[in-house]
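The values are calculated or read from the model by the stated rules, or taken from the named source; none is laboratory data. It should be emphasised that the depicted structure is a prediction, and the values quoted were computed from it without experimental measurement. Every residue, glycine among them, receives a Cβ derived from its backbone with ideal geometry; neighbour counts consider all protein chains shown.
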Amino acid sequence: MAELHKFIFDGLPVRGMLVRLTSSWREVLARRSNSGDAFAPEVHALLGEMAAAGVLMQSNIRFNGALVLQVYGDGPVKLAVAEVQDDLAFRVTAKVVGEVPEGARLEAMVNLHGQGRCAITLDPKDKRAGQQAYQGVVALHGDRREPLQQLSEVLEHYMLQSEQLDTRLILAANDEVAAGLLIQRLPVQGAGNLETAVRNEDRIGLDEAYRRIALLAGTLTRDELLTLDADTLLRRLFWEEPLRRFAPMQGEAGPRFVCSCSRARVGTMLKSLGREEIDGIITEQGRVEIGCDFCGAKYHFDPVDVGELFTAPSKQAPGSTATH
Ligand SMILES: [Zn+2]
């Protein structure tokens, strides 16, 4: 199971979202450990926070394509990736190259020498010719160059920089649950040319509303975020606020683990390596085995499969124009 709850505060320029990934998160971890390559708990926590954050950011901007969150650097975790499609299907993986110290946080995992970065990529689904993915990159340190220990701080920074939106983000994950709470200030209507239409004291009042609600959100502990159900959590935090909730998004309409890998895609990738390269592997190992880093699926190509791969006509009809 996994669920996403959206809410607003009546009459206030503030909106929020709460995501909880439960059985779908455990499935991700189970697949990883079944493939014999389980991550350290610290890496689970990072990936879970990234998955939760990715779902929140994707449903916040409703981008028609994939939102890819990457954290990479010079620590034992070389790369961590969370990808969330526009239908909220998510998947995660990491490349771990060294021992992750117990209790390691962002700095000890990816930012040992200050080289760590967080990249947010928006990859459009139906790319027009020449269209490229948009990517924003932020460093893993604060304004005074202090290394940040929490992914939420990095992403708050990113959203302020890229979208000029004040955002409060609280993330937590363990081996059971990955969860996140997002509170965001909405642009006040009447800004810009219509500035005078919003009286000053009203504006101050609306700013205060965001600050108050963000402050309340900030009192949420990691433990509460991981253990409380959505109803209890939202009531506990915002019982004095004019909270209006929308129907939760769950099941097929909500966030869920889906891997987009397929035998056909692996075939296309092998083809791009060239016949010579693949024949070399066949000679050496008898067959080609490709594992998916995201879901642990294994794809095998024996000499017959490889022969078919390179002789089968391309699916693209001749003369038609490629759109991706
Ligand atoms: Zn896969």
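Here are the numbers:
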{"item": "Filter pass, Val154 being touching a strand residue (DSSP E or B) at 6+ places or on another chain (Cβ under 7 Å), surrounded by fewer than 18 Cβ atoms within 10 Å (Cβ to Cβ) and β-branched (Val, Ile, Thr)", "result": "no"}
{"item": "Search result, residues across the stretch 6-28 that are of a type outside the set (Ser, Thr, Tyr), buried (at least 19 other Cβ atoms within 10 Å of the Cβ) and in a helix (DSSP H, G or I)", "result": "Trp25, Val28"}
{"item": "Residue within the stretch 265-286 that is surrounded by 10 or more Cβ atoms within 10 Å (Cβ to Cβ), among the acidic types (Asp, Glu) and either at pLDDT 95 or above or not in a loop (DSSP other than H, G, I, E, B) (or both) present", "result": "yes"}
{"item": "Residue among Arg235, Arg245 that is in contact with a helix residue (DSSP H, G or I) (Cβ under 8 Å, 6 or more places away or on another chain) and at pLDDT 90 or above", "result": "Arg245"}
{"item": "Pair list, Cβ < 6 Å and 6+ apart or interchain, from the stretch 232-261 residues that are over 28 Å from Asp87 (Cα atoms) to residues that are in a loop (DSSP other than H, G, I, E, B) and away from the ligand (no atom under 16 Å from the Cβ)", "result": "Pro242/Asp10"}
{"item": "Condition check for Tyr158: within 29 Å of Arg212 (Cα to Cα) and of a type in the set (Phe, Trp, Tyr)", "result": "yes"}
{"item": "All positions within the stretch 264-311 that are touching a residue at least 12 places away in the same chain (Cβ under 8 Å), more than 15 Å from the ligand (Cβ to nearest atom) and on the phi > 0 side of the Ramachandran plot", "result": "Gly286"}
{"item": "Residue in the stretch 67-100 that is surrounded by the fewest Cβ atoms within 10 Å (Cβ to Cβ), counting only those that are touching a residue at least 40 places away in the same chain (Cβ under 8 Å) and outside any strand (DSSP E or B)", "result": "Asp74"}
{"item": "Test: Gln115 is within 16 Å of Gln150 (Cα to Cα) and surrounded by fewer than 15 Cβ atoms within 10 Å (Cβ to Cβ)", "result": "yes"}
